[in-house]
There are 2 protein chains.
Amino acid sequence: MNEQLLERLKSFEKSVFALGHAMGVLYYDGNTVAPKRSAIVRGETMGELSRMAYELTTGPEAVKLLEDLEAAGDSLDPVTKRKAVLMRRGFDETSCIPMGEYVEYVKLQTESMDTWKKAKETDDFDLFEPYLQKMFDFARKFALYRNPDGDPYTTMLDSFEKGLTAERCDKFFGDLKKRLVPIAKKAAEKSKTIDDSPINGCFPVEKQRILSDYLMDVIGLDKDRCTLGETEHPFTDEFSKYDVRITTHYYENMPAASMYSVIHEGGHALYELGTADELAFTNLGRGVSMAIHESQSRFYENIIGRSEAFCELILPKIKEIFAPQLADVGAREFFRMVTKVQPSLIRTEADEVTYCLHIMIRYELEKKMIAGEIRAKDLPGEWKRLYKEYLGIDVPTDREGVLQDMHWSDGNIGYFPSYAIGSAYGAQYLREMQKEFDVREAVRTGNIGKINSWLEEKIWRHGSMIDPCELFESICGPLDANVFADYLENKYC
Amino acid sequence: MNEQLLERLKSFEKSVFALGHAMGVLYYDGNTVAPKRSAIVRGETMGELSRMAYELTTGPEAVKLLEDLEAAGDSLDPVTKRKAVLMRRGFDETSCIPMGEYVEYVKLQTESMDTWKKAKETDDFDLFEPYLQKMFDFARKFALYRNPDGDPYTTMLDSFEKGLTAERCDKFFGDLKKRLVPIAKKAAEKSKTIDDSPINGCFPVEKQRILSDYLMDVIGLDKDRCTLGETEHPFTDEFSKYDVRITTHYYENMPAASMYSVIHEGGHALYELGTADELAFTNLGRGVSMAIHESQSRFYENIIGRSEAFCELILPKIKEIFAPQLADVGAREFFRMVTKVQPSLIRTEADEVTYCLHIMIRYELEKKMIAGEIRAKDLPGEWKRLYKEYLGIDVPTDREGVLQDMHWSDGNIGYFPSYAIGSAYGAQYLREMQKEFDVREAVRTGNIGKINSWLEEKIWRHGSMIDPCELFESICGPLDANVFADYLENKYC
């Protein structure tokens, strides 16, 4: 009886996977090599494939399958049982949205992304403004479909991070802000003596590409299953544990930007590549939430990548690649340069300390947008006001301001808090890891595999088997902004 | 009444287009940037999407739509009427194949391509042999499903070139062979005095990439709708007239190889990009047949690209890119180098004269494979025997022999004759074009647009509106191997 049911599930999973895989590749291709004018056509195709996916996952066969799985209850193995739980959640999330609106949304997503790219290139916020407003409108409307009585922003947070609420977020950011503001001030003051001009010269892109390739090896990415592309804004796109794409952007005068984006996206990729085999191609075969995902990427980028031990490890190779540049720079000096704290305009290139202030600004603005307190047209002004308030700096252009991130253009509203929570998670992993082995020594000796194994065992292999808060707490206990603040204070003050 | 019918057609076309678009992008991505181990997963996804496409195009709704269109008959506009004709052909071609076998075939295709790549890399025919045999077996079986009483090889030819038969092919190749063998002999003899060592030095790939970009501009490719990628074997992949991909392969010591592959694939791309707007995203929105397609690519590659006028046009830029290399080479000399005739191993790099002898070898082998007179394991030996017989040369490895082309690995059996017929078509276009304007002068002065407009008007814009033989004959009269032979004799003897 169950055998037949499992066969039906398998065949269903295959179709869902194929449509998702196709959309993933279309997205990746569209952001890397596709010709400009293809965007509209791609939007149409994405819309059509989404319609098929919608029909597939909300149609009568899917409903029957889900009901049969739920009826089978405890006679199912734990993996199948969990699949049914996530199917039910996905079904409830999707089926409440009228299909026409869903398809319209997916099409708009592609156009919005395309327009954002153009607007950023030409520093033209007005061009993007109507799309941005529409993306927020859709997000709010969908959240209300999903939970008509709930706070829409909490509903959005919950879809990225099961169990997260605006209230818990407020508390976390409140605790963090108290500690972070003085730490940032002190760290910035201390950083004033750091001369990072040696890493802001001219570093040919061709050589930076060689460095990227080396860094992928250092952190243990399997290149037979993971490749690196080039995009305006770096991202990771995973189709399965056999095919993960990371991307970066090269700036000739800022090699650290690409270097740390490769390590950041590499962290996302390691998580996906480390999912257990038996979960592949199913709804359990990927990272469980955005904060857990960002906790991997930010951990590799900052806790590993911006440690003195890591600088010692990679500096000889860096010198070899860029010779004769950097010949006189020592590991300690290099470490100080890549950990220089300085309020700045661009989130992705921000230092580890002020980074979360960038997130708080976005968090505040998202909430206000969803609450209807401000509209898209107000964002450039609000952005400037908050950058002055939180970071003490003036934002000269929208290109370096509200147009810098791709997230909102892509409809990822409620995503930004994941970066801050993920960063905080990382500090708690480090504390736990230290109890078992000397992390600094593992990094210094190039034994990143030891760290990878720890994370694989505790997090990666589980895919989406365990809800994020439960998963995190089972490893580290409750989220505590103070552990993160202690880590920063210790490192930077 | 018809309005509703047209709406149903439109919605059907949208779904068919989306699945085809997705499979096209997966194919392109898989051949350019995808990580190695992704091949098997991509095969699964392609299989699943093909299944969906199969169900969509052969399912009850499609049948009803087709019947309704056919019933509407003369009340339909000519474009819609033609769509129904091609739908019927496609339906008859597909629906006769059991779905399980079709899906198995599409999955095998991806694996076969992947294995071919590995086998070519390592010169290991044995690795590829079982896949090759299976691809031929499938092709034969499918041909017999399609036309149980017909000659299977003719059925295959017909699917690439409506109306082409093994008999007509035999006649064409027979006529051509009679003229070509003495021409090739004389041209090779005459070529012995040509020293082409200046274009076989070391030409950095980075600079060759700049040349490719320039060549795309010269022949008038719209880069907002067409991009260039890099693959082992160059190909063109078209998703719509808004998104065409061409690829090339760079050899440091052979810049002409990539140069002419860009022009060749560029010819394919121009054809697709030139389809009329109103045919886009439908079954009429692409080139009508392989021979008409190859007649574009071979025309641009050889009749334009390997003309003395074209050499005059582009040599200054070539010298600028590769300076100080080639500084002493004149246009006449350059022209002689790129038209040097010499029996050689690799089809895609063969000169214009011996090229069709390469095709005849493949034609002969395909026919024997399908007739069951030989099997895949016999191909390396047969290949060597025929290269000795037709071209007088020894084939040292399978990598330079039977493993060189991707076509069979991809199931394109019955395709090769299109290259020779396409080449012959080109010579007849030239004759017709000359009646209207001085083609040589247009090329010399960089006015390729004049040639593009002629082809766009007569061929490109029609997409698949007119069957290939009818289309060709309406422009040039019947196919005549002697016009092609005259052209070659005049140019090379």
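Structural descriptor for chain A: relative contact order 20 percent, calculated from alpha carbon pairs under 8 angstrom and at least 6 residues apart.
Inside 10 Å of the C-beta atoms of A:24-34, what's the mean count of C-beta atoms belonging to other chains? Mind showing how you got there, number by number?
Details: counts 3, 11, 8, 1, 4, 10, 2, 0, 3, 8, 7.
Neighbouring Cβ atoms belonging to other protein chains average 5 per residue here.
Charging the Cβ of each Asp and Glu at -1 and of each Lys and Arg at +1, and nothing else, the dipole of region B:375-454 about its Cα centre rounds to 100 debye. Mean residue ellipticity at 222 nm, helices only, the protein assembly as shown: -21000 deg cm²/dmol; runs of at least 4 DSSP H residues each add -39,500 (n - 2.57), and the sum is divided by the number of residues.
Specify, per residue and in Å³, the volume enclosed by the convex hull of the alpha carbon atoms belonging to region B:166-492. Show your work: numbers first, answer last.
Numbers: hull volume 42.9 nm³, N = 327.
Taking the convex hull of the Cα positions in region B:166-492, it is 131 Å³ per residue.
Once the label point is set 7 Å along the Cα-to-beta-carbon vector, what list of distances in nm do you get between A:Gly220 and its counterparts in the other copies? Listed shortest first, these distances are 5.7 nm. Counting only residues at least eight positions apart within a chain, or on another chain, the lysines with an alpha carbon under 20 Å from that of B:Lys491 are B:Lys177, B:Lys178, B:Lys185, B:Lys186, B:Lys190, B:Lys192, B:Lys340, B:Lys435. Under 24 Å of direct C-alpha separation, and excluding same-chain neighbours fewer than eight residues apart, B:Lys10 reaches these lysines: A:Lys107, B:Lys64, B:Lys81, B:Lys83, B:Lys241. Region B:2-150 has equivalent-ellipsoid semi-axes of 35, 19, 11 Å, by the square roots of 5 times the alpha carbon gyration tensor eigenvalues, sorted largest first.
For the rotation that carries chain A onto chain B, the axis lies closest to a Cβ at A:Ala22, 2, where the number is the distance in whole Å.
Report the chymotrypsin sites (Phe, Trp or Tyr not before Pro) located in region A:393-493 that are in a DSSP loop and have at most 16 other Cβ atoms inside 10 Å of their Cβ, or state none. Spell out each step's value before the answer.
Details: sites: A:Trp408, A:Tyr415, A:Tyr419, A:Tyr425, A:Tyr429, A:Phe437, A:Trp454, A:Trp460, A:Phe472, A:Phe484, A:Tyr487, A:Tyr492; in loops: A:Tyr415, A:Phe437.
Loop-located and lightly packed - A:Phe437.
Spin-label model, A:Asp328/A:Tyr251: points 7 Å from Cα along the beta carbon direction are separated by 2.5 nm. Calculated on the alpha-carbon coordinates, the convex hull of region B:329-443 measures out at 136 cubic angstrom per residue. By other beta-carbon atoms within 10 Å, ranking B:Met23, B:Met156 with the fewest at the front produces B:Met23, B:Met156.
Kirkwood hydrodynamic radius of the protein assembly as shown from all distinct Cα pairs, in Å? The partial results should precede the final answer.
On the way: mean 1/r = 0.0322 Å⁻¹.
Kirkwood hydrodynamic radius for the protein assembly as shown: 31.1 Å.
Report the FRET efficiency, 1/(1 + (r/R0)^6), for A:Lys186 and B:Lys36, where r is their Cβ-Cβ distance and R0 is 56 Å, rounded to 0.05. If you can, show how the numbers build up before the last one.
Numbers: r = 49 Å, r/R0 = 0.87.
After rounding to 0.05, the efficiency reads 0.70.
Computed with the Debye formula from one identical point scatterer per Cα of region A:220-376, without solvent, the log10 of I(q)/I(0) at q = 0.10, 0.15, 0.21 Å⁻¹ comes to -0.45, -0.93, -1.38.
For B:Leu56, the distances from its label point to the matching points in the remaining copies are 1.1 nm, ordered from shortest, with each point set 7 Å beyond Cα toward Cβ. Each Lys or Arg adds one and each Asp or Glu takes one away; over the other residues whose Cβ falls under 15 Å from the Cβ of A:Arg444, this sums to +1. Model label points for A:Glu473 and B:Glu7, set 7 angstrom from Cα along the Cα-to-Cβ axis, are 5.3 nm apart.
All of the numbers you see were taken from the coordinates with simple rules; none came from a lab. Predicted, not measured: the structure shown is a model, and the values here were computed from it. Cβ sites come from the backbone with ideal geometry, for glycine too, and all protein chains shown count toward neighbours.
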